[in-house]
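Peer 1: Please see the structure below; I have some questions.
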Amino acid sequence: MIFITLSSVNQHKNKHCGILKVDNYLIVNKIILCYNFCVKDFFKCFGFELSGEQLQLFDKYYRILTDYNEKFNITAITEKNEVYLKHFADSLLGAKFIDGNFIDIGSGGGFPAIPLKIFNPELKATLLDATGKKCEFLKEVVKELNLKDVNVICGRAEELAHDKLYREKFDCATARAVASLPVLTEYCLPFVKNGGKFVAFKGDAEEELKNAENAVKILGGKIEEVKKFDLSGNLRTIIVIKKEKSTETLYPRSNAKIRKKPL
Ligand code: SAH
């Protein structure tokens, strides 16, 4: 299990990047406050071993993200330490739940899809977003990072999910910071094959989990796993919803209906 805490204790300090090590716990508050942190060790704190090439890709991604952000509003988070923690490491928290051919709904600046693809080059990724500028940005990232098997689509989830090219075609669907869990489940589960899964990246999700029970059942899913992580003081939850049977063709409904009357 990954366990990161913010508590400050006087323990052994790694002189290169200020990582404090206490028993089996790694405390990263010192590095996230420091600009010149050691990126390789930073990822290691979360249990992710990255090659030099992967670290270079993250560095390039960070630079493209911040360059683009000066003209277009892609993300509110721009400081290097914050981007590495709240975008890159946060996206990788779901890595072990995702395999094969996945679709990231409302990918925005590419989260969680791009970090997942850098971490596991075997994945086949489809990045969907409703905003043209974000899709242009995503295409630029894919080109600059020379990522293979990544497809960027501009469109709305609730419409595309009815297209037979995409409906029930993916091993996994992912989404972070797009909508509440009942709404998100209606957007995402129709894309997933039977036996596949929808992996939701959430903060504190207790309330949403209760509210989503009905939607999950109606859409043919089952909540399989709920994993909580402490990401340097922020509670993060990965929710794995397994698809057990086909979603009725009625779903997803129009956006107005989904929002007005979540399942
Ligand atoms: N997943 C990213 C972006 C979150 S912002 C992250 O975690 O940082 C939400 C994004 O979802 C926006 O880029 C918005 O354009 C997109 N979005 C919202 N509703 C959508 C829908 N119905 N279909 C496709 N994209 C949608």
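Peer 1: Given H placed on each backbone N at 1.01 Å, which residues far from Lys197 in sequence or on other chains put an amide H within less than 5 Å of it?
Peer 2: Cys172, Ala173, Lys243
Peer 1: Here is a follow-up. Can you tell me the length gained on complete extension of the stretch Ser180 to Asn101, counting 0.36 nm per residue apart and subtracting the Cα distance?
Peer 2: 26.0 nm
Peer 1: With the crude spin-label approximation of a point 7 Å out along Cα→Cβ, what separation in nm comes out for Lys143 versus Arg63?
Peer 2: The answer from the label model is 1.7 nm.
Peer 1: Still on this structure, I have one more. Count the DSSP beta bridges whose two residues both fall in the chain, then state the antiparallel fraction as a percent rounded to the nearest 5.
Peer 2: 50 percent
Peer 1: Sticking with this structure for a sec: If I take R0 = 45 Å and measure r between the Cβ atoms of Arg156 and Lys228 in this structure, what FRET efficiency does the formula 1/(1 + (r/R0)^6) give, to the nearest 0.05?
Peer 2: For R0 = 45 Å, the calculated efficiency reads 0.90.
Peer 1: In a shell of Cβ-Cβ distance under 12 Å around Glu49, excluding Glu49 itself, what net charge do Lys and Arg (+1) and Asp and Glu (-1) give?
Peer 2: +1
Peer 1: Here's something else I'd like to know. Would you grab the residues whose amide H sits under 5 Å from the one on Asp104? Only those 5+ places off in sequence or on another chain, please, with H modelled 1.01 Å from N.
Peer 2: Amide H neighbours of Asp104: Thr126, Leu127, Leu128, Thr174.
Peer 1: If I take R0 = 22 Å and measure r between the Cβ atoms of Glu70 and Glu136 in this structure, what FRET efficiency does the formula 1/(1 + (r/R0)^6) give, to the nearest 0.05?
Peer 2: After rounding to 0.05, the efficiency reads 0.90.
Peer 1: Next up: Size of the dipole of the stretch 46-172 about the Cα centre, Lys and Arg at +1 and Asp and Glu at -1 on the beta carbon, nothing else charged, in debye to 20?
Peer 2: With Lys and Arg at +1 and Asp and Glu at -1, about 200 debye.
Each reported figure results from applying straightforward, stated rules to the coordinates on display, with no laboratory input. Remember, predicted model here, so these are calculated numbers, not experimental data. Neighbour counts run over all protein chains shown; Cβ positions are idealised from the backbone, glycine included.
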